[in-house]
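Engineer: One structure follows; several queries about it will come next.
The values are calculated or read from the model by the stated rules, or taken from the named source; none is laboratory data. Keep in mind it's a predicted model, so treat the numbers as computed, not measured. Don't worry about glycine lacking a Cβ; one is built from the backbone with ideal geometry, like all the others, and counts go over all protein chains shown. Please note that ligands, DNA and RNA were not included when accessible areas were found on the heavy atoms of the full protein model with its side chains. Shrake-Rupley method; radii C 1.70, N 1.55, O 1.52, S 1.80 Å.
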Amino acid sequence: MTPGDAAVPTTLSLQQALFEYALRLGDTSLILSHRLSEWCSHAPELEEEVALMNIALDLIGQARALLTYAGEVEDKGRDEDALAYHRDERDWRNLLLVEQPNGDFAQTMARQFLYDAFAVEFYGALRQSRDERLAAIAAKALKEVSYHLRHSSQWVLRLGDGTDESHRRMQHGIDELWQYTGELFRMDEVDRMLIAAGIAVDLEALRPAWNARVGDVLSEATLIRPADAWMQDGGKLKGLHSEHLGRLLAEMQFVQRAYPGLRW
């Protein structure tokens, strides 16, 4: 057993499971928001920079709502800031997909599209949660991620069915990131307990719709859908991350680490 295998206890209370669930969702939104914010002043055009920053703001709003709820459920005095700025890399539960570097613009849009296609299905289903707080967060998030998906889909189509160079770059982005898509649908005891309680979403049930949506867009963009093979795993369920997350956190958490408790 690796240290990461013990990150989630084998026997959970409903409170512990709900904390872990909200944490995973909040962490994923926050890390993806930070990645997109790295495009500030570097986007290919001003209009696109505004769009990316607005998407990043939507995601950080989702992260704040989810991490605030996680802190309340945990009931140990940790608020959204404590969870965002005072946890080490192994304590993070975000998807590996969202921590991957931006690369070029095509790779960023490939990453965003693969996540957005999942987020639309996920938040659409989470609206039916018996947990009123999660259902409310999901209802708001669905409106936002529906726009995000339109935006990223359009770029996949535009670049995939564009010039030879744009096609090559978008295909490369999809190929590089495909190995992280299997984790979107991974579940464990946390999910099973909350599904039984009518709180969580059965991720495996979302896979057909995700496959269909992604397949349709890639086909229209004249891109080849990569074959499903071995998939990267461990970020969401065990806190086992790529080398990229530590570097991202070093930047994101610097001020709070250097000046603990600093308030604006």
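Engineer: Through the Karplus equation 6.51 cos²θ - 1.76 cosθ + 1.60, θ set to phi - 60°, convert the phi angles of segment 50-55 into ³J(HN,Hα) values in whole Hz; use x for Gly and Pro.
Structural biologist: Once θ is set to phi - 60°, the couplings for segment 50-55 become 4, 4, 5, 5, 5, 5 Hz.
Engineer: As a test of reading the structure, rank Ile174, Ile224 by solvent-accessible area (1.4 Å probe, protein chains only), most first. Display every interim value, and only then the final one.
Structural biologist: On the way: Ile174 0, Ile224 120 Å².
Sorted by accessible area, descending: Ile224, Ile174.
Engineer: With r defined as the distance between the Cβ atoms of Leu14 and Asp233 and R0 fixed at 22 Å, what FRET efficiency is calculated, to the nearest 0.05? Intermediate results must be reported in sequence, preceding the final value.
Structural biologist: Details: r = 25 Å, r/R0 = 1.15.
The value I calculate is 0.30.
Engineer: Which cross-chain or sequence-distant (5 or more) residues have an amide H under 5 Å from the amide H of Leu240, H modelled 1.01 Å from N in plane?
Structural biologist: Gly235
Engineer: Suppose accessible area is computed on protein heavy atoms with a 1.4 Å probe; arrange Glu132, Glu48, Glu165, Glu89 from highest to lowest.
Structural biologist: Values: Glu132 155, Glu48 10, Glu165 85, Glu89 65 Å².
Accessible-area ranking of Glu132, Glu48, Glu165, Glu89, largest first: Glu132, Glu165, Glu89, Glu48.
Engineer: Please report the spacing between the Cα centers of segment 34-103 and segment 241-264 in Å, no decimals.
Structural biologist: What the calculation gives is 12 Å, centre to centre.
Engineer: When the chain is treated as a GNM, springs tying every alpha-carbon pair under 10 Å, which of Ala110, Ala56, Ala196 comes out with the largest mean-square fluctuation?
Structural biologist: Result for the chain, Cα springs under 10 Å: Ala196 fluctuates most.
Engineer: Can I ask one more? Enumerate by residue number the chymotrypsin sites (Phe, Trp or Tyr not before Pro) in segment 164-251 meeting two conditions: DSSP loop (anything except H, G, I, E, B), and at most 16 other Cβ atoms within 10 Å of the site's Cβ. Provide the component values of the computation, followed by the final result.
Structural biologist: Values: sites: Trp178, Tyr180, Phe185, Trp210, Trp230; in loops: Trp230.
The qualifying sites are Trp230.
Engineer: What is the dipole size for segment 163-237, taken about its Cα centre, with +1 at each Lys and Arg Cβ and -1 at each Asp and Glu Cβ, in debye to the nearest 20?
Structural biologist: Details: 8 positive and 14 negative charges, 17 e Å.
Computed charge dipole of segment 163-237: roughly 80 debye.
Engineer: Provide the per-residue ³J(HN,Hα) series for segment 18-33, in order, calculated from phi with Karplus coefficients 6.51, -1.76, 1.60 and θ = phi - 60°, each as a whole number of Hz, with x at glycine and proline positions.
Structural biologist: 5, 4, 4, 5, 5, 5, 4, 5, x, 4, 4, 5, 5, 5, 5, 4
Engineer: Projected onto the charge dipole of the chain (+1 at Lys/Arg Cβ, -1 at Asp/Glu Cβ, origin at the Cα centre), which of Asn102, Leu194, Gly162 gives the Cα projection farthest towards the positive end?
Structural biologist: Toward the positive end, the furthest listed residue is Leu194.
Engineer: With charges set only on the Cβ (+1 for Lys and Arg, -1 for Asp and Glu), what does the dipole of the chain come to about its Cα centre, in debye to the nearest 20? Mind dumping the intermediate values first?
Structural biologist: On the way: 28 positive and 42 negative charges, 89 e Å.
About 420 debye.
Engineer: Which trypsin sites (Lys or Arg not before Pro) from segment 169-264 combine a DSSP loop assignment with at most 14 other Cβ atoms within 10 Å?
Structural biologist: Numbers: sites: Arg169, Arg186, Arg192, Arg213, Lys236, Lys238, Arg247, Arg257, Arg263; in loops: Arg186, Arg263.
Loop-located and lightly packed - Arg263.
Engineer: On average, how much accessible surface per residue is there in segment 114-264, in Å², for a 1.4 Å probe, leaving out ligands, DNA and RNA? Show your work: numbers first, answer last.
Structural biologist: Numbers: 7810 Å² over 151 residues.
Each residue of segment 114-264 exposes 52 Å² on average to a 1.4 Å probe.
Engineer: In square angstrom, rounded to the nearest 10, how much accessible surface does Asp175 have for a 1.4 Å probe?
Structural biologist: Taking all protein chains as shown, Asp175 has close to 80 Å².
Engineer: Here's a follow-up. Return the carbon/sulfur percentage of the accessible area of the chain, one whole number, probe 1.4 Å, all protein chains in place. Don't skip to the end; give the middle numbers.
Structural biologist: On the way: 6670 of 12400 Å².
Carbon-and-sulfur percentage of accessible area, whole number: 54.
Engineer: Using a 1.4 angstrom probe on the protein heavy atoms only, line up His167, His42, His151 by accessible area, largest first.
Structural biologist: The ranking, largest first, comes out as His42, His167, His151.
Engineer: Give the angle, between 0 and 90 degrees and rounded to the nearest 10, that separates the Cα long axis of helix 105-126 from the longest principal axis of the Cα atoms of the chain.
Structural biologist: 50
Engineer: Kindly give the semi-axes, whole Å and largest first, of the ellipsoid equivalent to segment 178-264, taking each as the square root of 5 times a Cα gyration tensor eigenvalue.
Structural biologist: Equivalent ellipsoid of segment 178-264: 32, 21, 13 Å, largest first.
Engineer: Can you give me the angle between helix 132-160 and the longest principal axis of the chain, using Cα atoms only, in degrees from 0 to 90, rounded to the nearest 10?
Structural biologist: Rounded to the nearest ten degrees, it is 20.
Engineer: Between Arg186 and Glu243, what is the spin-label point distance in nm, taking each point 7 Å from the Cα along the Cα→C-beta axis?
Structural biologist: Distance between the two pseudo-spin positions: 2.0 nm.
Engineer: Of Phe19, Ala227, Ala125, which is farthest towards the positive pole of the chain's charge dipole, taken about the Cα centre with +1 and -1 on the beta-carbons of Lys, Arg and Asp, Glu respectively?
Structural biologist: Phe19
Engineer: Then there is this: Using only alpha carbon pairs under 8 Å that are at least six residues apart, calculate the relative contact order of the chain and give it in whole percent.
Structural biologist: Values: 358 pairs, mean separation 67.6, N = 264.
After rounding, I find 26 percent.
Engineer: Follow-up. What figure in square angstrom, to the nearest 10, would you give for the accessible area of Glu176 with a 1.4 Å probe?
Structural biologist: My reading of the accessible area for Glu176 is about 80 Å².
Engineer: Right, another one. Roughly how far apart, in whole Å, are the Cα centres of segment 188-208 and segment 147-173?
Structural biologist: Each part reduced to its Cα centre gives a spacing of 32 Å.
Engineer: Let me ask you something else. In nm, to one decimal, how far is the His172 label point from the Gln253 one, both placed 7 Å along Cα→Cβ?
Structural biologist: 3.3
Engineer: Near Arg263, within a Cβ-to-Cβ distance under 14 Å, what is the net charge of the other residues, with Lys and Arg +1 and Asp and Glu -1? Write down the numbers at each step before the final one.
Structural biologist: Numbers: positive: none; negative: Asp79, Glu80, Asp81.
Here the count lands on -3.
Engineer: Once fully extended, how much extra length lies between Cys40 and Asp75, figured as 0.36 nm per residue of separation less the alpha-carbon to alpha-carbon distance?
Structural biologist: On the way: separation 35, 0.36 × 35 = 12.60 nm, distance 3.57 nm.
Full-extension gain reported as 9.0 nm.
Engineer: Please identify, among Glu20, Glu38, Glu251, the residue showing maximal mean-square fluctuation in a Gaussian network model of the chain using a 10 angstrom Cα cutoff.
Structural biologist: Most flexible of the set in this elastic network: Glu251.
Engineer: Which whole-Hz ³J(HN,Hα) couplings does segment 73-81 yield from phi under the Karplus relation 6.51 cos²θ - 1.76 cosθ + 1.60, θ = phi - 60°, glycine and proline marked x?
Structural biologist: Listing the rounded values in order: 5, 4, 6, 10, x, 9, 9, 4, 5 Hz.
Engineer: Express in nm, to one decimal, how much length is gained between Glu204 and Arg90 on full extension, taking 0.36 nm for each residue of separation and deducting their alpha carbon distance.
Structural biologist: On the way: separation 114, 0.36 × 114 = 41.04 nm, distance 2.55 nm.
Length gained between Glu204 and Arg90: 38.5 nm.
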